[in-house]
Amino acid sequence: MLPLVYAGNASNATNGNLCIMGTLIPEKVKGKIVLCDRGVNARAEKGYVVKSAGGAGMVLANTAANGEELVADAHFLPAATVGQIAGDAIKKYLTSDPNPTATILFGGTKVGIQPSPVLGAFSSRGPNSITPEILKPDIIAPGINILAGWTGEVGPTGLPEDDRRVEFNIISGTSMSCPHVSGIAALLKGVHPEWSPAAIRSALMTTAYTTYMNGGALLDVATGKPSTPFGHGAGHVDPISAVNPGLVYDINADNYLNYLCALKYTPSQINSIARRNFTCDSSKKYSVTNLNYPSFAVPFPADTGSNTIKYSRTLTNVGPSGTYNVTVSLPDSSVEIIVEPEAVSFTQINEKKSYTVSFTAPSKSPSTNVFGRIEWSDGKHVVRSPVAISWT
């Protein structure tokens, strides 16, 4: 057991609790385990700061922004990360015991941890600040504590002070979920070489899951509460189900260009993207709500009374013939959703059918965002689209 000290009490700086370079007083941390708060500077850098000041080890405590998310790091010294709940308990211990002590031991490998997966606190989050009518993120995939190959150009922390060299590392971030989704997309392209990138994305989104096997909703590790489409998008990717989605929301180049017209891009901007001459038709009314996306983000103006927004979508059949019926799930009944038509029938592959969705807001806007789903099913396939309604 070694003496334990809180970094905020071993520094003369106002941000000393964060273990930022130059903030710790060596005389107060030498030979001790130091409790640092997460935030601002890199997690591994905090350990380097503790080690440079003479500290023997570090406990890194999450704040409310990170909740109970535990991310592995290649620390410079013995270190352990704890969630906010444990971090608060350790701080309480530090203030109540005149001679606090601690040790850092390997607790063993644990398997079958539930619930799993959970939405990472660092994950990209909506709403979409650029085009609020397009829901982001699209989907989530494994991205926390991923074992991956590592370049020998830099150390495992990526910090200039790190002269260690390894062939593998444990990495967390959206940069880890990206290769998972990219690999799944490549597999889908192998099974369906005729599918466009938009069709592949659609298959991944409409077959993603948002509940655990026990029926409970995916949890957000940052809050400990159920995640929402602004956190998980359409849900967690399910590669097996994505192979046979039944229907897809496909998008061709002109649909994207019409979308740019709706965003009022200039002709030169559009041509630089299209790499061909394309002119927006001045007599045509373009709308961002007509981009054939597999999800719905509906931003209503706040306190403007009852208002209706219409979205248009087109389904492409990539499965057997059949009739799909629509179901709308919306826990909050304050918003009315009408889908027309309520059923679509397909008799051949690649056949297309369009539908519209009308969202009508109440005269007084709710105090929170509203989330739901629009699902098309033929009894075998379920084509899910998340709905996120907000007031701006």
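Read-outs throughout are calculated quantities, based only on the coordinates presented, and are distinct from any laboratory measurement. Bear in mind the structure is a predicted one, so any value in this text is a computation, not a measurement. Quick reminder, even Gly has a Cβ in these numbers, built from the backbone with ideal geometry, and neighbours come from all protein chains shown.
What the table shows:
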{"quantity": "Computed lengthening from Thr266 to Asp97, 0.36 nm per intervening residue step minus Cα-Cα distance", "calculated": "54.2 nm"}
{"quantity": "Sites Glu342 and Ala253 - FRET efficiency at Förster radius 41 Å, r taken between beta-carbons, to 0.05", "calculated": "0.85"}
{"quantity": "Only Lys, Arg (+1) and Asp, Glu (-1) charged, at Cβ; region 243-391 dipole about Cα centre in debye", "calculated": "400"}
{"quantity": "Under 28 Å from the Cα of Lys92 - lysines, other chains or at least 8 residues apart", "calculated": "Lys28, Lys30, Lys32, Lys46, Lys51, Lys110, Lys225"}
{"quantity": "Relative contact order (%) - criterion: Cα under 8 Å, at least six apart; region: the chain", "calculated": "12"}
{"quantity": "Using a Förster distance of 25 Å, the FRET efficiency for Asp332-Asp303 (Cβ separation, nearest 0.05)", "calculated": "0.90"}
{"quantity": "Net lengthening on full extension, Ile85/His180 (0.36 nm per residue, minus Cα-Cα)", "calculated": "31.1 nm"}
{"quantity": "Taking N as its residue count, the alpha carbon Rg of region 2-102 over 2.2 N^0.38 Å", "calculated": "0.94"}
{"quantity": "Top of Leu204, Leu263, Leu219 by mean-square fluctuation, Gaussian network on the chain, Cα under 10 Å", "calculated": "Leu263"}
{"quantity": "Set of lysines with alpha-carbon distance to Lys189 below 30 Å, sequence-local pairs under 8 removed", "calculated": "Lys136, Lys352, Lys353, Lys380"}
{"quantity": "Potential lengthening between Val40 and Gln114 on full extension [0.36 nm per residue; Cα-Cα distance subtracted]", "calculated": "23.7 nm"}
{"quantity": "Summed residue charge, Cβ within 15 Å of Thr360's Cβ, Lys/Arg positive, Asp/Glu negative", "calculated": "-1"}
{"quantity": "Cys residues of the chain counted as unpaired, since no other Cys beta-carbon is under 4.7 Å", "calculated": "Cys178"}
{"quantity": "Normalised contact order of region 2-102, rounded percent, pairs of Cα under 8 Å and 6 or more residues apart", "calculated": "26"}
{"quantity": "Region 300-392: translational diffusion in µm²/s, Stokes-Einstein, Kirkwood Rh over Cα pairs, 20 °C, 1.002 mPa s", "calculated": "149"}
{"quantity": "From the coordinates shown, P(r) over Cα pairs in 20 Å bins from 0, in percent corresponds to which of (1) 23, 46, 27, 5; (2) 28, 61, 12, 0; (3) 30, 57, 12, 1", "calculated": "(1)"}
{"quantity": "For region 243-391: relative contact order, % (alpha-carbon pairs under 8 angstrom, 6 or more apart)", "calculated": "29"}
{"quantity": "The chain, helix-only ellipticity at 222 nm - DSSP H runs n ≥ 4, -39,500 (n - 2.57), divided by all residues, nearest 500", "calculated": "-6000 deg cm²/dmol"}
{"quantity": "Exposure proxy ranking, count of Cβ atoms within 10 Å, fewest first, for Cys36, Cys280", "calculated": "Cys280, Cys36"}
{"quantity": "Two-site label geometry, Asp281 and Asn128: point separation in nm, points 7 Å out along Cα→Cβ", "calculated": "2.3"}
